[in-house]
Amino acid sequence: MVVVMSRDATEAQIERVAEKVREVGGEAFVSRGTVHTIIGLVGDTATFRALDLDNLPGVDHLIHVGKPYKMVARSLHPQPTIVKIGPAVVGRETFTIIAGPCAVESEEQALETARAAKAAGATILRGGAFKPRSSPYSFQGLGKRGLEILAECREDTGLPVVTEIVDSRDVDLVAEWADALQIGTRNMQNFELLKAVGATAKPVLLKRGLSATVEEWLMAAEYIAQRGNSQIVLCERGIRTYEPSTRNTLDLSGMAVAQLESHLPVIVDPSHATGHKDLVAPMARAAIAGGADGVMIDVHPNPGEALCDGPQALRPEEMLALAKDLEALAGVLGRRMG
């Protein structure tokens with residue numbers, strides 16, 4: 001059950017609802033939106049009904065959500081959510097390009113890539129300072145120095161920064177430097193990490209897990225929203241199947257289902273989905289044709305020397321060509337570039 005408070009509900013009225021729920025052994029999770037504050041209830045629904053919550057001061061109405069995810073369900077929030085990352089927005093009304101290096105390797109490499117991303121029309125810069133890798137011998141990122149370099153890139157280009165967080169102990173550190181926090185595929189079901197980023201005021205980009213169903217993906221988003229943070233962007237980045245010719249299988253139908261089931265924006269990462277730069281552009285074009293809210297693209301000035309995922313990275317001139325294709329498609333489809 002979810003309690004939707006009225007637009008002019010006071011903090012005291014919100015707390016009174018939460019207090020009554022706790023008095024009967026339930027849990028109340030408050031999420032403050034731009035228009036309404038909503039309170040997600042966890043516990044016995046029959047007991048909550050007996051509280052007569054809809055007659056309390058400040059309560060607008062109650063919603064009985066049948067899905068296992070409540071705060072991110074479209075039935076709770078019929079209007080699509082627009083997520084603000086610095087001066088940029090991600091949502092249904094725009095098509096947003098997020099681009100940058102998979103991993104920050106040096107100040108020179110990151111700045112060159114950031115400038116190329118901006119020149120191609122990207123409005124958000126991605127870059128990894130902490131890199132969870134399959135092999136313990138692979139490049140693991142520059143850590144705090146990588147965050148500092150990303151901040152320099154933001155200062156130089158004006159692009160807000162999204163970067164991955166891999167450890168709940170680093171939430172405060174990464175949130176200090178980044179404009180948005182990314183939860184990677186390997187951590188989609190790291191529930192303590194999801195709770196930690198949900199407790200921040202930073203937007204969260206949540207990638208789908210390698211073998212996760214759409215429902216599991218949305219349940220992971222629920223962990224974040226339940227802690228009061230509804231500024232969540234979902235990212236389809238391919239799932240593991242039996243097909244060996246691509247790194248993963250890009251599930252555009254799963255992207256569309258996520259849009260139908262949730263009010264959150266959904267973007268696509270064709271770089272990690274395919275693992276091969278020659279497949280990135282066609283899958284990015286398919287994503288905008290399929291209704292995605294944006295794409296996240298790996299860019300590197302010299303992919304052959306990249307310390308992480310070089311085979312999937314576009315050169316700056318290739319990124320520029322792809323951006324022109326996406327802009328042309330956006331015009332045909334009646335979409336506005338973010």
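The values are calculated or read from the model by the stated rules, or taken from the named source; none is laboratory data. Note that the structure is predicted; figures quoted are calculated from it, not measured. Counting neighbours? That spans all protein chains shown, and the Cβs are built from the backbone with ideal geometry, glycine included.
Some notes on this structure:
- Pairs linking a residue in segment 132-153 that is without any contact (Cβ under 8 Å) to a residue 60 or more places away in the chain to a residue that is among the basic types (Lys, Arg) and not in a loop (DSSP other than H, G, I, E, B), with Cβ atoms under 8 Å and 6 or more positions apart or on different chains, are Pro132/Arg186.
- Selected residue (criterion: surrounded by the most Cβ atoms within 10 Å (Cβ to Cβ)) from residues of segment 89-106 that are more than 15 Å from the chain's Cα centre (by Cα) and within 25 Å of Arg74 (Cβ to Cβ): Thr94
- Put simply, of Ala273, Ala292, Ala286, Ala281 the only residue that is within 27 Å of Arg92 (Cβ to Cβ), surrounded by fewer than 18 Cβ atoms within 10 Å (Cβ to Cβ) and not charged (D, E, K, R) is Ala286.
- Flag for Gln13 being more than 27 Å from Ala180 (Cβ to Cβ), more than 21 Å from the chain's Cα centre (by Cα) and not hydrophobic (A, V, I, L, M, F, W, C): yes
- Test result for Leu206, out of contact with any Ser or Thr (no Cβ under 9 Å at 6 or more places or on another chain), of a type in the set (A, V, I, L, M, F, W, C), within 18 Å of Lys144 (Cα to Cα) and not in a loop (DSSP other than H, G, I, E, B): no
- Set side by side, the residues Gly291, Gly254 differ, and just one is in a loop (DSSP other than H, G, I, E, B) and modelled with pLDDT of 95 or more, which is Gly291.
- Within segment 8-29, residues that are within 17 Å of Val42 (Cβ to Cβ) and modelled with pLDDT under 90 reach partners that are assigned to a helix (DSSP H, G or I) and of a type outside the set (Asp, Glu) with beta carbons closer than 6 Å, at six or more positions or on different chains, in the pairs Ala28/Ala18; Ala28/Val21; Phe29/Gln226.
- Residue list for segment 1-48, restricted to those being outside any helix (DSSP H, G or I) and among the basic types (Lys, Arg): Arg7, Arg32
- Pairs, first farther than 16 Å from Tyr223 by Cα in segment 170-192, second surrounded by fewer than 22 Cβ atoms within 10 Å (Cβ to Cβ) and of a type in the set (Ser, Thr, Tyr), C-beta under 6 Å, six or more apart: Ala175/Thr200
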